Amino acid sequence: MRQSQLFTKTRREAPKDEVAKNAQLLIRGGFISKEMAGVYNFLPLGLRVFEKIVNVIREEMNAIGGQEILMSSLQRRELWEKTNRWNDEVVDNWFKTELKDGSIVGLGFTHEEPITNMMEQFIPSYQNLPTYVYQFQTKFRNEERAKNGLLRTREFVMKDLYSFSKNETEHVDFYEKAKDAYKRIFNRLGIGNNTYLTFASGGSFSKFSHEFQTICDAGEDVIYIHKDDYGKGLEMHPHHAAINKEIYTEDLKKDLGLEGSFIEKKVVEVGNIFTLGTRFPEALLCRFKDEQGKENYPFMGSYGIGPARLMGTIAEVLSDDRGLVWPAEIAPFAVHLIAITGGNADVAAEAERYFEMLKENHIEVLFDDRDVRAGEKFADSDLLGIPTRLVVSEKTMAEGGVEMVNRKDKAATIVAESDVIGRLLK
């Protein structure tokens with residue numbers, strides 16, 4: 001893409017009503033725009049990042065046997081009444097709306113009820129189990145306070161996977177596979193070192209659930225990390241733990257066999273996995289026949305990740321004082337090509353030639369061909385956070401190559417044209 005043709009523009013200042021760093025940087029860089037409190041639009045650069053995050057998640061869900069579907073956001077009340085979750089006193093963040101015939105429907109905040117109801121027709125026998133289905137689907141939550149940019153919004157896309165197993169043993173086997181898949185996702189997205197697998201309350205579903213929490217000053221949650229594992233992230237020792245604040249009690253530490261002190265940290269929840277058991281199948285009469293022909297309820301699990309919240313978290317924790325710093329796997333482009341022409345037609349032609357060469361080698365490139373000052377181009381490049389910058393100028397031409405700059409550490413070197421493609425592909 002040519003930057004001169006990008007309809008979005010960078011901004012020097014963030015909107016005064018945005019206090020979260022992720023929102024400030026993403027708006028300034030032209031990745032998102034604000035529609036209203038807790039609702040954001042994804043612009044070309046932001047959509048590229050968002051879709052790459054989705055693709056990482058999709059690859060890992062497919063790798064453990066997930067099958068992708070897409071369900072409706074509109075929810076009929078009778079399903080939710082069967083589990084007592086239509087009641088606003090039980091679930092206080094519903095968005096509900098009235099149809100022209102006077103009936104009331106909800107906008108889904110999660111999908112346990114409809115997925116269980118739907119799957120009943122596809123799992124009549126134990127031979128149809130286990131099965132795992134997931135979706136990337138818009139959720140609506142009527143949050144009292146939507147804040148912190150993409151970290152807490154009223155409308156967002158969630159990847160929610162639901163597992164249906166013949167029994168608890170089969171469920172636990174998949175649960176562990178899902179846990180490992182989530183670890184791979186966060187490592188691929190560059191936040192594995194400061195993300196922790198955390199014990200949390202399972203509510204009415206189970207004694208414990210697991211949350212993946214990323215250390216972040218803008219986080220709304222608090223966890224306690226065993227001192228021997230602080231700094232290890234997802235590589236923490238299996239005998240130690242990070243614990244959600246809600247269940248951080250002396251009794252819990254005793255139950256888990258944990259001793260020693262814990263370190264308190266603010267965090268953002270970037271993923272969660274729940275053991276649901278048979279609660280939803282029992283309420284919605286989702287049954288299968290076992291080997292003896294006896295009816296049983298499938299054993300369920302639920303596994304969620306919000307791609308946009310991940311995008312906001314990455315913007316919070318990996319950025320620096322100059323702007324965003326995207327991991328290579330999800331950056332909007334692999335290369336930011338900058339032409340510093342100073343009115344020199346030969347430099348302009350050389351930059352065009354590099355642009356074509358990168359495209360021919362299937363390297364995603366944003367080409368800053370704008371007629372603006374060099375300082376403005378470099379400042380914008382820092383803000384956009386593309387991993388590698390290539391600079392073409394009179395100086396680089398005189399040295400027989402192009403300047404290659406690493407966005408993360410600002411390391412710069414002159415690279416011969418013959419080595420550029422190989423180094424970028426590596």
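Measure out, as a whole number of angstrom, how far apart the alpha-carbon centroids of the range 46-85 and the range 218-296 sit.
21
Please identify, among Glu176, Glu329, Glu35, the residue showing maximal mean-square fluctuation in a Gaussian network model of the chain using a 10 angstrom Cα cutoff.
Glu35
Applying a 10 Å radius around every beta-carbon, put 95-103, 293-301, 13-21 in order of their mean neighbour count, most first.
On the way: 95-103: 9.4, 293-301: 18.0, 13-21: 13.3.
Ranked by mean Cβ neighbours within 10 Å, highest first: 293-301, 13-21, 95-103.
If you take every DSSP beta bridge whose two residues both sit in the range 3-318, what share of them, in percent to the nearest 5, is antiparallel?
Working: 58 of 63 bridges.
Close to 90 percent.
With springs only between Cα atoms under 10 Å apart, run a GNM on the chain and tell me which of Ile57, Ile263, Ile340 wobbles the most.
Comparing Ile57, Ile263, Ile340 in the GNM, the peak value goes to Ile263.
Rounded to the nearest 500 deg cm²/dmol, what is the calculated helix-only ellipticity per residue at 222 nm for the chain, with -39500 (n - 2.57) per DSSP H run of length n ≥ 4? Can you show the working numbers first?
Values: 12 runs with 127 residues, N = 426.
Result for the chain: -9000 deg cm²/dmol, rounded to the nearest 500.
May I ask you to evaluate 6.51 cos²θ - 1.76 cosθ + 1.60, the Karplus curve with θ = phi - 60°, for each residue of the range 125-142 and list the ³J(HN,Hα) values in order in whole Hz, giving x for glycine and proline?
Calculated HN-Hα couplings, in order: 10, 4, 5, 8, 10, x, 8, 9, 10, 8, 8, 10, 9, 6, 10, 10, 9, 7 Hz.
Lys and Arg at +1, Asp and Glu at -1: add these up for the other residues within a Cβ distance under 9 Å of Ile215 and post the number.
Numbers: positive: Lys265, Lys266; negative: Asp217.
Net of charged neighbours comes to +1.
Return the subset of Lys16/Lys266; Lys16/Lys232; Lys52/Lys359; Lys16/Lys359; Lys82/Lys289; Lys52/Lys408 for which the Cα-Cα distance in this structure is over 27 Å, preserving the input order.
Numbers: Lys16/Lys266 24 Å; Lys16/Lys232 37 Å; Lys52/Lys359 19 Å; Lys16/Lys359 39 Å; Lys82/Lys289 22 Å; Lys52/Lys408 20 Å.
Beyond 27 Å: Lys16/Lys232; Lys16/Lys359.
With 10 angstrom as the radius, rank Leu390, Leu47 by how many other C-beta atoms surround their C-beta, starting from the fewest. Walk me through the numbers on the way to the answer.
Values: Leu390 24, Leu47 14.
With the sparsest Cβ surroundings first, the list reads Leu47, Leu390.
Enter the angle in degrees (range 0 to 90, nearest 10) between the Cα long axis of helix 307-318 and the first principal axis of the Cα atoms of the chain, meaning the one along which they spread out most.
50
Please report the antiparallel percentage of the DSSP beta bridges confined to the range 335-425, to the nearest 5.
Values: 9 of 19 bridges.
For the range 335-425, the DSSP antiparallel bridge percentage is about 45.
Among Met118, Met404, what is the fewest-to-most ranking by other Cβ atoms within 10 Å?
Values: Met118 17, Met404 20.
Going from least to most buried by this count: Met118, Met404.
From Cα pairs below 8 angstrom and at least 6 apart in sequence, can you work out the relative contact order of the chain, rounded to a whole percent? Please list the in-between numbers first.
Numbers: 829 pairs, mean separation 70.0, N = 426.
It comes to 16 percent, rounded to a whole number.
Taking the Cα centre of the chain as the origin and placing charges on Cβ (Lys, Arg +1; Asp, Glu -1), which of Tyr303, Thr313, Ser33 is farthest toward the positive end of the dipole?
Working it through, the farthest residue towards the positive pole turns out to be Ser33.
Please label the shape of the range 1-149 as rounded, prolate or oblate, based on the square roots a ≥ b ≥ c of the eigenvalues of the alpha-carbon gyration tensor (a/c under 1.5 means rounded; beyond that, a/b larger than b/c means prolate, else oblate). Numbers along the way, then the final one.
Details: a/c = 2.76, a/b = 1.49, b/c = 1.85.
Note, shape of the range 1-149 comes out oblate.
Quick check of the Kirkwood formula: for the range 91-237, what is the inverse mean of 1/r over all pairs of different Cα atoms, in Å? Walk me through the numbers before you get to the answer.
Details: mean 1/r = 0.0549 Å⁻¹.
The answer is 18.2 Å.
Would you order Thr388, Thr8 from fewest to most other beta-carbon atoms within 10 Å of each residue's own beta-carbon?
Details: Thr388 20, Thr8 15.
Result, fewest neighbours first: Thr8, Thr388.
In degrees from 0 to 90, rounded to the nearest 10, what is the angle of the helix 44-63 Cα long axis to the longest principal axis of the chain?
So the helix axis and the longest Cα principal axis differ by about 50 degrees.
Which of rounded, prolate or oblate describes the range 335-425 when judged by the alpha-carbon gyration tensor and an a/c cut-off of 1.5?
Details: a/c = 1.32, a/b = 1.04, b/c = 1.26.
It comes out rounded by the Cα gyration axes.
Between (1) 172; (2) 242; (3) 128, which matches volume of the Cα convex hull per residue in Å³ calculated for the structure shown?
(1)
Would you mind putting 370-380, 136-146 in packing order, based on average other-beta-carbon counts within 10 Å, highest first? Mind showing how you got there, number by number?
Details: 370-380: 14.1, 136-146: 15.8.
Going by the mean number of other Cβ atoms within 10 Å, highest first, we get 136-146, 370-380.
Which shape class, rounded, prolate or oblate, goes with the range 301-348 when its Cα gyration tensor gives a ≥ b ≥ c as root eigenvalues, a/c under 1.5 marks rounded, and past that a/b bigger than b/c marks prolate?
Details: a/c = 5.53, a/b = 2.78, b/c = 1.99.
Since a/c reaches 1.5 and a/b is larger than b/c, the shape of the range 301-348 is classed as prolate.
Taken together, the values in this text are just the output of simple stated rules run on the coordinates, not laboratory data. Note that the coordinates shown come from a computational prediction; the quantities given were computed from them, not determined experimentally. Neighbour counts run over all protein chains shown; Cβ positions are idealised from the backbone, glycine included.
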